[in-house]
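Notes follow the structure.
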Amino acid sequence: MRFRYSILYVDDVPATLAFYKEAFGFETGFLHEGKDYGELVTGDTKLAFSAKSLMREIGKTPSDADPKAPSFELAFETETVAEDFARAVAAGAAPIQEPTEMPWGQVISYVSDPNGFLIEICAPI
């Protein structure tokens, strides 16, 4: 068995894919012709998005993300945390925490995407 992908539920899949390209540089790997499902090129494990409307059609009840009370976070590792934090904010991410050096020496920052998902932008440990 292998961990294949995570799917986040969003209102607008194409807009979300465009945001992740502008904010973080991830390319779209797949967008369904109905524009209700898409995947980013993120390595072996894909980050995917599905329209909330599609999920409701198949009997799921997706909830809205809340960056003030997250149930998970995405973590993107980079050597240039401050620059990538600024790029994400310029692309429309909401700043949550400016780049900060943690007691263990790692620099981390947080933004939320336009859907409200919490994203950590961090240096390697």
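The values are calculated or read from the model by the stated rules, or taken from the named source; none is laboratory data. Remember, predicted model here, so these are calculated numbers, not experimental data. Neighbour counts run over all protein chains shown; Cβ positions are idealised from the backbone, glycine included.
Data for the structure
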quantity: Thr61, sole failed condition from (1) out of contact with any Leu (no Cβ under 9 Å at 6 or more places or on another chain); (2) under 14 Å from Ile7 (Cβ atoms); calculated: (2)
quantity: Residues being in contact with a strand residue (DSSP E or B) (Cβ under 9 Å, 6 or more places away or on another chain) and part of a loop (DSSP other than H, G, I, E, B) - total across segment 72-96; calculated: 4
quantity: Filtered residue count, segment 11-42, keeping only those that are over 20 Å from Leu118 (Cβ atoms) and part of a loop (DSSP other than H, G, I, E, B); calculated: 7
quantity: Cβ pairs under 7 Å, 6+ apart, first in segment 73-99 and assigned by TED's automatic domain parsing to the domain that holds Ser109 and closer than 15 Å to Ser112 by Cβ, second outside any strand (DSSP E or B) and among the acidic types (Asp, Glu); calculated: Ala91/Glu22; Ala93/Asp113
quantity: Residue selected from segment 26-47 under the condition touching a Lys or Arg at 6+ places or on another chain (Cβ under 9 Å) and surrounded by 15 or more Cβ atoms within 10 Å (Cβ to Cβ), by the criterion nearest to Arg4 (Cα to Cα); calculated: Lys46
quantity: Filter result (under 18 Å from Ala69 (Cβ atoms) and either within 11 Å of the chain's Cα centre (by Cα) or of a type in the set (Val, Ile, Thr) (or both)) within segment 94-109; calculated: Ile96
quantity: Ala51 within 16 Å of the chain's Cα centre (by Cα), more than 22 Å from Gln106 (Cβ to Cβ), at pLDDT below 95 and aliphatic (A, V, I, L, M); calculated: no
quantity: Selection within segment 100-125 - within 26 Å of Pro62 (Cβ to Cβ), without any contact (Cβ under 8 Å) to a residue 60 or more places away in the chain and surrounded by fewer than 19 Cβ atoms within 10 Å (Cβ to Cβ); calculated: Gly116, Glu120
quantity: Segment 97-118, residues that are over 21 Å from Ala15 (Cα atoms) and either part of a strand (DSSP E or B) or touching an Asp or Glu at 6+ places or on another chain (Cβ under 7 Å) (or both); calculated: Gln97, Glu98, Pro99, Thr100, Glu101, Val107, Ile108, Ser109
